[in-house]
Structures are given as C-alpha cells and as structure tokens.
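Trainee: The structure is given below, and queries will be raised subsequently.
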C-alpha cells in the first residue's frame, strides 16, 4: 500500500464532491434536517389530555383532581357516569375517572385505548396523583417500592433517543453518499483510469473511503453539536469517545456503500440496496425500541447490523458514563464490519477488473 497514492485518491474525490452541489447538500444539510425533525417530533410530552371526572365520593375525589398534573390533563366534570361514558364513546375524551359514593368500591377508570402512548401517560399520571393523595391523607400502601437509578439518574427521553437517531442518520447518509459518489466516479470513467494506473484496487478503495469518511466526520460533528447544544442532551462520559464511536460507524457506512456500488452495474441498481438496509436498521437496531422487545426469532438479524453496536456503545458512554474499557467489544465489532466491507469491495473490484 502506498500512502501517497491513497491520499491522492482521497483529495481528488473530495475535490469532485465539492463541485457536486447535490451531494454536498445531501451530506451536510440532511443531518441537520433529520436531527431537528426527530428531536422536535419525538421530544415532546403528552399534554392537555382530556379526562372526565365523575365525583360521587366528595372530598377524596376533589383532592385527587387537584393532584393531577395540569400540564398532562385537561379535566372536566360530568354529573353522572352515563354522561361521562357517552363522551368517551363519542371520542370527546380519553378517560373517565369515576369516584363511587361508597369509597370501598375503589376508583374506577374507563379508558379509550386506541392510542397506547396516550393511555400510558394517563395511567402513569393517575397513579402519581393517587399516591400523592393517599400520602396527604396519612394513608400508605402495605408495600412501597423505592427505585434507585444506578445509571441515568438525570436522564431525559432525548438523552437516550438522540444517540439512536445519530447512529441511524450517520450510517444511512454515509452509505448513500459513498454509494452515489463511487457510482458517479465509475460513470465518468475516472475510476477506470485510476485502476489502469499503477494504483492497486485496495489503494483506490481506501482513498475513496478516506474521502467519504472525512465528510462523515463532519456530519458527526454537526449532529453532536445539535444534540448537545440544541436539545441539551447530557453526556455523562467522554464527548470525544462519543464522537469516535459515531465516526467509526460513518466509516462502516461508507465502506458498505462502496461495496454496494461495486456490486451494482449502475446508479439505479445501487439505489435499490438503500431500502434493504434502511428498513432493517430502522426496525431492528435498538434505535427506537430495545432489542429485548424484538421477537427472539428476529434478534439474530439485529446482531448483523452495525448500528446495533454503535447505539449500544453510544448510549453506554453518553448515559451511563462508561469509558472505552467497558465498550471495547462494540468498538471492535464495528471496526470488524468496516474492514469486512472494505475487503469485500476490494475483492469485487479485482473480480470486475
């Protein structure tokens, strides 16, 4: 391997990319759009959920209503249970909270479960208000469970969500960028001219990987900046280590794009690989829900997706505060994926030659 030739290929590739406004816009603007859209769309909390209260009990029901979170709930009252249930059936509210005249009957809650996200917020809010009301009346449950966080004691939803979004966006954008740019080089004939020179297939592939990897690194910087300063994501561990993890994933995506571009005959064929990667990555990498929530017969597919390991490592650093000594296994697997994809791309280039 001649390092001078590799750097020359990388420089020429970066110059070509700089003059391609379409790809440059895709490379630098798309990460910003994705981070902002995901952060704003998923960063909110359930608010102003309409519930109807029927209070036949009197004082306890009134105290309970006062303890409901006013941000989460929009409370109205009905004279009878029948009237309240009619509102629920007509879709005018999400829940009916009924306090019977006889307190021994307990509190009854009727739910519209057509949206589980809203229902979970209702149940959580009702339980919280009930516990607070009982304590104010000097009542205690027979057993109370006390939860102590070992990791993530101050973690917010965005602290665990945005690391997954960063991993998804960097992986997909880097893959598509390298795939399109490599196909473009081949269509222009510059790739064939490079291979006709004394350069080896490995030097050409590594040069392109280095160039796209630099662009991927810029994407990582943009995304981390938006996450930390835009959405106030807490980073318990090393910010530098977080950057390195996502940068390695970007290079893995770049090498996968180079591999796909070598397998394809033209740009149309190459683009067909994109949904084949995006859909499994979106669903199975633990980005939006944990791998433990995926059916057992699908989990093996999770472990052949590079973002699975990046998401796990990134959350461990950013939320748990772990260092390299605790996540080296994930990092090693990511490096293995990158090497494997680049090696297969080089072998395919030799076969085509």
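The values are calculated or read from the model by the stated rules, or taken from the named source; none is laboratory data. Computed from a prediction, not measured in an experiment: that's the story for all the values here. Note that we place each Cβ from the backbone using ideal geometry, even for glycine, and neighbour counts take in every protein chain shown.
Trainee: Among all residue pairs at least 6 apart or on different chains, which show Cβ distances below 6 Å where the first residue, located in the range 215-237, is in the same structural domain as residue 174 (by TED's automatic domain parsing) and in contact (Cβ under 8 Å) with a residue 24 or more places away in the chain and the second is surrounded by 22 or more Cβ atoms within 10 Å (Cβ to Cβ) and part of a loop (DSSP other than H, G, I, E, B)?
Mentor: Close Cβ pairs satisfying both conditions: 227/233.
Trainee: Got a sec? Which of 336, 286, 325, 321 is at pLDDT 95 or above and out of contact with any strand residue (DSSP E or B) (no Cβ under 8 Å at 6 or more places or on another chain)?
Mentor: None of the others qualify; the one that does is 336.
Trainee: Hey, another quick one. If you check residue 68 against the conditions, is it at pLDDT below 85 and either under 30 Å from residue 172 (Cβ atoms) or in contact with a strand residue (DSSP E or B) (Cβ under 7 Å, 6 or more places away or on another chain) (or both)?
Mentor: No.
Trainee: Restricting to the range 322-342, and then to whatever is over 17 Å from residue 304 (Cα atoms) and free of Cβ contacts under 8 Å to residues at least 24 places away in the same chain, can you tell me which residue is surrounded by the most Cβ atoms within 10 Å (Cβ to Cβ)?
Mentor: Here the residue is 326.
Trainee: Just checking, how many residues over the range 226-242 are modelled with pLDDT under 90, closer than 26 Å to residue 328 by Cβ and outside any loop (DSSP other than H, G, I, E, B)?
Mentor: Count: 2.
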